[in-house]
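The values are calculated or read from the model by the stated rules, or taken from the named source; none is laboratory data. Values in this document were obtained by computation on a predicted structure and should not be read as measured data. Here the Cβ positions follow ideal geometry from the backbone for every residue, glycine too, while neighbour counts run over all protein chains shown.
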Amino acid sequence: MSTSPTRSQVALEFTLFTIIAFLLFSGLLFSISKQFGDLARQRDSKELRDVVSRLREEISLASLVRDGYSRNFTLPGEINRRSYSLSISDGHAVGSVGNVTYAAPVPDVTGSPLLGSNAIRKEGGAIYLN
């Protein structure tokens with residue numbers, strides 16, 4: 001009686017090893033893609049925080065200066081090649097990109113920020129945006 005493996009046993013072992021290798025490779029790819037997704041969310045969050053902070057600083061500066069102040073400034077049209085939204089609501093500048101949202105308190109202002117070119121001015125003690 002021969003102790004060498006039969007063809008069917010070799011085929012079964014090969015199939016089993018191939019499946020195990022495929023599962024390990026799939027798990028590795030899933031882990032790497034999850035890490036890339038986390039990095040993208042962190043990058044979006046930082047960029048969004050920077051844009052909202054820039055808007056807040058422009059509004060705060062206008063609130064501190066005398067009437068007659070006016071300035072033009074630009075906000076990016078996209079964050080990391082993704083569209084985003086920016087608004088002022090209940091005394092907060094609120095930005096959102098994907099599932100990331102960031103809000104920062106701002107002084108009272110009339111108007112809404114635009115993606116791209118913005119104009120801010122102070123007249124009669126009130127701040128006007130666009």
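Structure data summary
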quantity	calculated
Options 45, 53; residue that is part of a helix (DSSP H, G or I), at pLDDT below 95, closer than 28 Å to residue 89 by Cβ and in contact with a strand residue (DSSP E or B) (Cβ under 8 Å, 6 or more places away or on another chain)	45
Of all residues in the stretch 61-92 being of a type in the set (Lys, Arg) and assigned to a strand (DSSP E or B), the one that is nearest to residue 115 (Cα to Cα)	82
Pairs where the first residue, in the stretch 111-130, is exposed (fewer than 13 other Cβ atoms within 10 Å of the Cβ) and the second is β-branched (Val, Ile, Thr) and outside any loop (DSSP other than H, G, I, E, B), C-beta under 6 Å, 6+ apart	117/74
Residue check, residue 108 without any contact (Cβ under 8 Å) to a residue 12 or more places away in the chain and out of contact with any Phe, Trp or Tyr (no Cβ under 6 Å at 6 or more places or on another chain)	no
Contacts under 8 angstrom Cβ, first residue in the stretch 43-63 being free of Cβ contacts under 8 Å to residues at least 24 places away in the same chain, partner surrounded by 16 or more Cβ atoms within 10 Å (Cβ to Cβ) and not in a helix (DSSP H, G or I), 6 or more apart	54/75
